[in-house]
Amino acid sequence: MQEKKPSSIVPKPDMSVELCIPKNSAAGSSTDSCSTEKNALVDIFVQVSAEGSHIDIIDIREGQQSLDLAPAIRFSLQHCNMHGYWTLPSMLLWNEKGLRLFEEVTYTPEYYLTNTEISLLETHSGELARQIEPGTILLELGSGCLRKTGILLQAIEALGKEVDYYALDLDRNELLRTVGQLVDTSRFRHVRCHGLHGTYDDGRSWIARPENAGKPICVISLGSTVGSFAPAEVAVFLKTWAETVKTTSDGGGNPVAASFRILLGLDGCKDGGRVFEAYNDPRGVNKRFILNALDNANSYLRHEAFDARDWTVRGVWDAIAKRHVQYLVPLVDVDVTVLQDDKQQQQQQPETVTVRAGEKVQLVSSYKFDDEVKHRLWEESGLTVVNQCMNHDGSYGEFFMIFLLNY
Ligand SMILES: C[S@@+](CC[C@H](N)C(=O)[O-])C[C@H]1O[C@@H](n2cnc3c(N)ncnc32)[C@H](O)[C@@H]1O
């Protein structure tokens, strides 16, 4: 699942903000000074971390093609969604610079999700680690800056369980940096750490490889990352992963039943004001993160289709759908030129789309999971709760939750 379909619920803009800041500042970018060695047979880049540990980043991209969002960008600009909004693919957020900017967002005091999940993991990682079988493949979907996973891995290490941890994400330089830091700071003896460079879909094909058959699998998704999908899509997403693992066959084509679990962090905050603040910090850190999607779109389109200085970001808490939506909004009328492949003439035809000042281009949603949504999620995905830890928030009840789920 790479692209999010428009939700069928119309956002109710009862809360919005505009923050105008200068053109986005450059986030630090990691340079890859170590020598890279590619083993053509197994597609493993072996890299040496700052402390001299070896880190393997496995290229699992199907056909070794880099992700190309250009057709999706063109399509989005040529077709408004059913609510009359333009959209852009949310995956534009996640290039190397976007990942660095998102890490900055996780340190803003308003972004409660990261600190709350860290405190949950600090309290409960021992009991979660006890539930992990030795020999497990721990596969984290969208590992990001890896500020949290080390807490769980240290608890597994303390129990002396031999496991393989795979951080899956979209940018190889960021995988090298974050997995390298994890290995350097933790000095594991029992936990082996690797990176998987690819999309969720690539990860699902990888887990279905015969060499992974029969091993216990625990898929990890933290930070309420699945909240960028609507709840019905999350159910399909989780079920598809579970069924992939359960139907994986060995080299001889025989199905091998493996145990399958999901460790899932979900945001259940019901306080619209608090959610809104988390995605609309007054220093504009989140805004820089969102605007970076336009520069990333230019890279995919291979020309300056967007000038980020002409755009702002608008966050909206949609109380009905229980989601926060982030829109890109032009400050002036902008003409966006896209080059369309003309197959007959075998050349690229420019086509210009005008987005008027104040019109919205929807980029990403963050759904929040209340009791009703959560129960529907378990029902539709076929998952059952083995263990749950929750943070409570006064009158608002469950705030952030981590579930260990069985299929
Ligand atoms: C909201 S961030 C969460 C990062 C981290 N799990 C956390 O809790 O801080 C979402 C992460 O998922 C990754 N991601 C988004 N879509 C993806 C896809 N289709 N395939 C692989 N990774 C994806 C992004 O690159 C990013 O690291």
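The values are calculated or read from the model by the stated rules, or taken from the named source; none is laboratory data. Quick caveat, the model's predicted, so the values are computed rather than measured. Quick reminder, even Gly has a Cβ in these numbers, built from the backbone with ideal geometry, and neighbours come from all protein chains shown.
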(request) Among the residues of the stretch 123-167, write down those that are within 14 Å of Ile262 (Cα to Cα) and either more than 24 Å from the chain's Cα centre (by Cα) or more than 16 Å from the ligand (Cβ to nearest atom) (or both). (result) Ala129, Gln131, Ile132, Glu133, Thr136, Ile137
(request) Go through Val313, Val325 for me and flag whichever is buried (at least 21 other Cβ atoms within 10 Å of the Cβ) and under 19 Å from the mean Cα position of the chain (by Cα). (result) Val325
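Kindly indicate whether Asp32 is more than 16 Å from the ligand (Cβ to nearest atom), at pLDDT 90 or above and over 17 Å from Gln326 (Cα atoms). Please lay out each step first, then the result.
Details: more than 16 Å from the ligand (Cβ to nearest atom): yes; at pLDDT 90 or above: no; over 17 Å from Gln326 (Cα atoms): yes.
No, not satisfied.
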(message) Given the criterion within 29 Å of Phe237 (Cα to Cα) and assigned to a strand (DSSP E or B), identify the matching residue among Val338, Val373, Val353, Val364.
(response) Val364
(request) Identify all residues within the stretch 201-222 that are surrounded by fewer than 22 Cβ atoms within 10 Å (Cβ to Cβ) and near the ligand (Cβ under 8 Å from one of its atoms); write none if there are none. (result) Asp201, Asp202
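Can you work out which of the residues in the stretch 76-90 that are assigned to a helix (DSSP H, G or I) and more than 10 Å from the ligand (Cβ to nearest atom) is farthest from the chain's Cα centre (by Cα)? Give the derivation first.
Start the filter on the stretch 76-90 by keeping residues that are assigned to a helix (DSSP H, G or I), which leaves 76-78, 90.
Filter again for more than 10 Å from the ligand (Cβ to nearest atom), leaving 76-78.
Details: Ser76: 20, Leu77: 23, Gln78: 26 Å.
Ranking the qualifying residues of the stretch 76-90, first place goes to Gln78.
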(message) Among the residues of the stretch 91-114, are any more than 13 Å from the ligand (Cβ to nearest atom), more than 30 Å from Ala357 (Cβ to Cβ), modelled with pLDDT of 95 or more and of a type in the set (Phe, Trp, Tyr)?
(response) no
(message) Gly198 - would you say it is crowded, with 20+ Cβ neighbours inside 10 Å, within 24 Å of the chain's Cα centre (by Cα), more than 15 Å from the ligand (Cβ to nearest atom) and over 23 Å from Ile402 (Cβ atoms)?
(response) no
(message) Being over 16 Å from Ile58 (Cα atoms) and part of a strand (DSSP E or B) is the requirement here; does Ile220 meet it?
(response) yes
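How many of the residues making up the stretch 310-335 are in a strand (DSSP E or B) and among the hydrophobic types (A, V, I, L, M, F, W, C)? Break it down into steps so the answer makes sense when it comes.
Narrowing the stretch 310-335 to residues in a strand (DSSP E or B): 311-318, 323-330, 334-335.
Add one more test, that the residue is among the hydrophobic types (A, V, I, L, M, F, W, C), and what stays is 311, 313, 316-317, 325, 328-329, 334.
Total meeting the criteria: 8.
For the stretch 187-194, indicate whether the set of residues that are outside any loop (DSSP other than H, G, I, E, B), within 16 Å of the ligand (Cβ to nearest atom), modelled with pLDDT of 95 or more and over 21 Å from Leu113 (Cβ atoms) is non-empty. Walk me through how you get there before you give the answer.
Of all residues in the stretch 187-194, those outside any loop (DSSP other than H, G, I, E, B) come to 191-194.
Filter once more, so that each one left must be within 16 Å of the ligand (Cβ to nearest atom): 193-194.
Checking which are modelled with pLDDT of 95 or more leaves us with 193-194.
Restricting the remaining residues to those that are over 21 Å from Leu113 (Cβ atoms) gives 193-194.
Among the residues of the stretch 187-194, at least one is outside any loop (DSSP other than H, G, I, E, B), within 16 Å of the ligand (Cβ to nearest atom), modelled with pLDDT of 95 or more and over 21 Å from Leu113 (Cβ atoms), which makes the answer yes.
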(message) Taking the conditions exactly as written (surrounded by fewer than 23 Cβ atoms within 10 Å (Cβ to Cβ), within 23 Å of Ser205 (Cβ to Cβ), acidic (Asp, Glu) and away from the ligand (no atom under 16 Å from the Cβ)), does Glu243 satisfy them or not?
(response) yes
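Looking at the stretch 223-240, which of its residues are more than 20 Å from Ser143 (Cβ to Cβ), more than 14 Å from the ligand (Cβ to nearest atom) and of a type outside the set (Gly, Ala, Ser)? Steps first, answer last, please.
Narrowing the stretch 223-240 to residues more than 20 Å from Ser143 (Cβ to Cβ): 230-233, 235-236, 239.
Now drop any that are not more than 14 Å from the ligand (Cβ to nearest atom), which leaves 230-232, 235-236, 239.
Passing the criteria: Pro231, Val236, Lys239.
Please enumerate the residues belonging to the stretch 354-395 that are more than 30 Å from Tyr407 (Cα to Cα) and touching a Phe, Trp or Tyr at 6+ places or on another chain (Cβ under 8 Å).
The first filter runs over the stretch 354-395 and keeps only residues more than 30 Å from Tyr407 (Cα to Cα), leaving 354-363, 394-395.
Across the stretch 354-395, the qualifying residues are Val355, Glu359, Lys360, Val361, Gln362, Leu363.
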